[in-house]
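The values are calculated or read from the model by the stated rules, or taken from the named source; none is laboratory data. The model shown is predicted, which means the values in this text are computed figures rather than measured ones. Counting neighbours? That spans all protein chains shown, and the Cβs are built from the backbone with ideal geometry, glycine included.
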Amino acid sequence: MSGQGQGRAVVSLRSVNKTFDSGTVALDGFDFDVNPGEFVSLLGPSGCGKSTALRIIAGLSSASSGTVEWCADAAPAGGIHSIADSNSSSNSNPSPNKISFVFQEPTLMPWANVAANVRLPLKLAHIDQAHITGAVNRALERVGLAEFADSYPRELSGGMRMRASIARALVTEPQLLLMDEPFAALDEITRFKLNNDMLSLWQELRRTVIFVTHSVFESVFLSQRIVVMTPRPGRVFADIAIPAPYPRDEHFRTSAEYAGYCRTVSAALTQATAGGEL
Amino acid sequence: MKARVLRIGLPLLVLALVLVAWDLAVRGFAIPAYVLPGPGLVLATLVADAELLWQSLLVTLAITVQGFLLAAVGGIALAIAFNQWRLIEYSFYPYAVILQVTPIVAVAPLLLIYLPQPMAVLACAWIVAFFPVLANTTLGLNSVDHNLIALFDLYKASRWQVLWNLKLPAALPQILAGLRIAGGLSLIGAVVAEIAAGSAGAGSGLAYRIAESGYRLNIPRMFAALLLLSAAGVVIFFLLSGLSHLALRRWHESAIRQER
C-alpha cells in the first residue's frame, strides 16, 4: 500500500523476524519499504518492536531471519547491499555517512561541548579539519544552535540538547535519517516547536526520514505515511497515507482535516493493539 | 557565604577546644611527657626535630608518590587491557582481587625478605594503591551509555576510537575517584611496610621514626611524626581532589555546584 513501493526503495525489509535471546519475539514477518525522500512514521505502543525495526535498518542489530536491502545511495560505497538472512551471519551494514540515528535521549557526550559533539561523526570518519568546521557550523545553524557551539550539554535545556543531537545526525548529510521517539521525553510546547522545525528541515533537505513514535498526533502532523504496528510480535497492521500538503503549520494542527486523520489513525491503532495483549 | 564560614569555622573551633582540653588535662593531672605530651611540647618537638623529621617525610613521600604513580599507570593500563581483551580479564582478575583482599601487613614481612628494603616498601605502597584504580577504572569503562556505544558503532568507529573518544572520557570520573583513594592508600602502604621493616632496615621514613621513637619512649616525637603523616595525607587528598575538580568541573555532576 506504499504506492510507489517497487522500484528504488531506500531501504526495504522482507519478512523480517527478530527473536531476542530471551525468547521475546520482537518482529514477526515484518515487511516495510521506504521510498526516497519520504517522511514515514512507525507508530505503535511501547514494546511493539518499532525501535527494534529501526535498529535493524540502522545496522545496529541484525534480523534473525528475513532480508534487509539498502539501496546504493543509502548503502556502503558500491552496489546494492542485501543480505541478512538467517543463514548468513555476514550482515553488511549500511554506510556510516548515509544513515544517521537520533535516539530517544539526546545521547550527547557530556564531557564535550556542542560543537565537539556535532563534529564526532566526521572526526570518526577522519574527514579533514577544514571541511569539518564548515559542516559543523552549517549543521548547528540549521537547528538554531550556532550561538551555543561552546556550551556543554548540561548547560542546555532538554529541547536544545535534542537539537544538538539532530545537528549531529545531519552533519554527515545522511540519505536516511532514523529517529527513535526523539521528542517523547520533551514537554508539549517544546515538542510542537521541534515538530515544526523538523518539518521545515525536512522540506529544505528532502532526506528520507523514518520516525518512530507512540503519539498519533505527532505522527499525523509530521508524516506522509504512517505504518501502524501490532504489539508482540511486531507486524505491519495498517499503512495509512496522510496526503495533506506541506508546509504544515499551527493552522494544520488545529484543522478538522488533521483531526480526521488523527481519528483514522487512532482507530487503526486501537484495532492493532486489541489483537495482541499489552 | 554563611555556610562557607561555618564549614571552615566549626572544625577550627572543634580543633581549638580539643587542644585546650588536651593541654588542660596534661597540666591539671600532671601527666608526664613519656605518657602523654601536651600539644605545646609536640609542637616544640616538631620544630626542634624539624630537620630529622623533614628528611624522613621526604623519604616517605617519595615512596608514596612513586607507589601512587605506578599504581595509577598500572591500574589504568590493566583496566584497559581487561576491557579490551576478555581473556586477559578472565585470566588475571581473580589474582588482582586476591592481591587486594590479602592484608598488606601480612604480606610486608615476606616482601622484605625477597626485596631490598626500599623496593619492598615501594611494592607495598603499590599493591595497596593499585586495586582501587583498577576496580574504579574497570567500572568506568564498563558503564558507558549504551546509546553512545551504538552511535560509535553506527559511525564505524574503530575499537581504539571507541576507547580513546568514548570509554576513557566516560570513565574519567571513576578513574579520578580511584586515584583519590589510591593517593591515601599508597601512603598507608608505605607506612605499613616501613613499620614492618622496623629497626631491621636502614630506612629513615616517617613511619620508621615513629617505630624508633616508640622503642626509645620518645613520645613527643611520635606525635610530631604522626602529625606530619596526617598532614601529608591531607595534602595528597586535596591535591587529587583539586585535580578531579579541574578535570570535571565543566561537565560532571559531582563537580557542579547547584544553586538552590
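Only one residue in B:Ala25, B:Ala33 is part of a loop (DSSP other than H, G, I, E, B) and either surrounded by 14 or more Cβ atoms within 10 Å (Cβ to Cβ) or not assigned by TED's automatic domain parsing to the domain that holds B:Leu228 (or both), so which one is that?
Exactly one of B:Ala25, B:Ala33 is part of a loop (DSSP other than H, G, I, E, B) and either surrounded by 14 or more Cβ atoms within 10 Å (Cβ to Cβ) or not assigned by TED's automatic domain parsing to the domain that holds B:Leu228 (or both), namely B:Ala33.
Just to be sure I understand the filter: pairs with C-beta atoms under 6 Å, separated by 6 or more residues or on different chains, first member in the range B:14-25 and closer than 18 Å to B:Ala44 by Cα, second member surrounded by 11 or more Cβ atoms within 10 Å (Cβ to Cβ). Which pairs pass?
Pairs that qualify, where the first residue is closer than 18 Å to B:Ala44 by Cα and the partner is surrounded by 11 or more Cβ atoms within 10 Å (Cβ to Cβ), are B:Leu19/B:Pro39; B:Trp22/B:Pro39; B:Asp23/B:Gly38; B:Asp23/B:Pro39.
Run A:Phe192 past the list (1) under 30 Å from B:Arg249 (Cβ atoms); (2) touching a residue at least 60 places away in the same chain (Cβ under 8 Å); (3) more than 14 Å from chain B (Cβ to nearest Cβ) and report the number of the one that doesn't hold.
Failed condition: (1).
Given the conditions (1) touching a helix residue (DSSP H, G or I) at 6+ places or on another chain (Cβ under 8 Å); (2) surrounded by 16 or more Cβ atoms within 10 Å (Cβ to Cβ); (3) within 22 Å of B:Leu69 (Cβ to Cβ), report the number of the one that B:Leu243 does not fulfil.
(2)
Tell me the residue from B:Ala196, B:Ala255 that is at pLDDT below 85 and closer than 30 Å to B:Pro173 by Cα, please.
B:Ala255
When you check A:Ile240 against the structure, is it β-branched (Val, Ile, Thr), touching a strand residue (DSSP E or B) at 6+ places or on another chain (Cβ under 8 Å), within 14 Å of chain B (Cβ to nearest Cβ) and not in a loop (DSSP other than H, G, I, E, B), yes or no?
It is false that A:Ile240 is β-branched (Val, Ile, Thr), touching a strand residue (DSSP E or B) at 6+ places or on another chain (Cβ under 8 Å), within 14 Å of chain B (Cβ to nearest Cβ) and not in a loop (DSSP other than H, G, I, E, B).
For the range A:40-58, which residues satisfy the criterion of being within 13 Å of the chain's Cα centre (by Cα) and either among the aliphatic types (A, V, I, L, M) or farther than 12 Å from A:Lys18 by Cβ (or both)?
A:Val40, A:Ser41, A:Leu42, A:Leu43, A:Ala53, A:Leu54, A:Ile56, A:Ile57, A:Ala58
Within the set of pairs 6+ apart or on separate chains, which have a first residue in the range B:164-179 that is in the same structural domain as B:Gln66 (by TED's automatic domain parsing) and without any contact (Cβ under 8 Å) to a residue 40 or more places away in the chain, a second that is surrounded by fewer than 20 Cβ atoms within 10 Å (Cβ to Cβ) and assigned to a helix (DSSP H, G or I), and C-beta atoms under 6 Å apart?
Final answer for the pair search is B:Gln174/B:Leu139.
Restricted to the range A:103-115, and to residues that are of a type in the set (A, V, I, L, M, F, W, C) and within 10 Å of another protein chain (Cβ to nearest Cβ), which residue is surrounded by the most Cβ atoms within 10 Å (Cβ to Cβ)?
Step by step, filter the range A:103-115, then rank; the result is A:Leu108.
Give me the residue from the range A:117-134 that is within 14 Å of chain B (Cβ to nearest Cβ), part of a helix (DSSP H, G or I) and in contact with a Lys or Arg (Cβ under 9 Å, 6 or more places away or on another chain) and, out of that set, surrounded by the most Cβ atoms within 10 Å (Cβ to Cβ).
A:Val118
What are the pairs with Cβ atoms under 6 angstrom where one residue, in the range A:196-214, is farther than 20 Å from A:His251 by Cβ and the other, located anywhere, is among the basic types (Lys, Arg)? Sequence gap at least six, or different chains.
Hits for this filter: A:Val212/A:Lys50.
Of all the residues that make up the range B:145-161, how many are more than 12 Å from A:Phe101 (Cα to Cα) and crowded, with 19+ Cβ neighbours inside 10 Å?
1
Of all residues in the range A:163-189, count the ones that are free of Cβ contacts under 8 Å to residues at least 60 places away in the same chain, within 14 Å of chain B (Cβ to nearest Cβ) and assigned to a helix (DSSP H, G or I).
So the answer is 2.
Output the residues belonging to the range A:39-62 that are away from chain B (no Cβ under 14 Å) and either of a type in the set (S, T, N, Q) or buried (at least 21 other Cβ atoms within 10 Å of the Cβ) (or both).
A:Phe39, A:Val40, A:Ser41, A:Leu42, A:Leu43, A:Gly44, A:Ser46, A:Cys48, A:Gly49, A:Lys50, A:Ala53
Scan the range B:121-148 and report the pairs whose first residue is within 14 Å of another protein chain (Cβ to nearest Cβ) and assigned to a helix (DSSP H, G or I) and whose second residue is modelled with pLDDT under 90 and surrounded by 23 or more Cβ atoms within 10 Å (Cβ to Cβ), with Cβ atoms within less than 8 Å and a gap of 6+ or a chain change.
none
Could you check how many residues of the range B:180-217 are of a type outside the set (Val, Ile, Thr) and without any contact (Cβ under 8 Å) to a residue 40 or more places away in the chain?
Selection size over the range B:180-217: 8.
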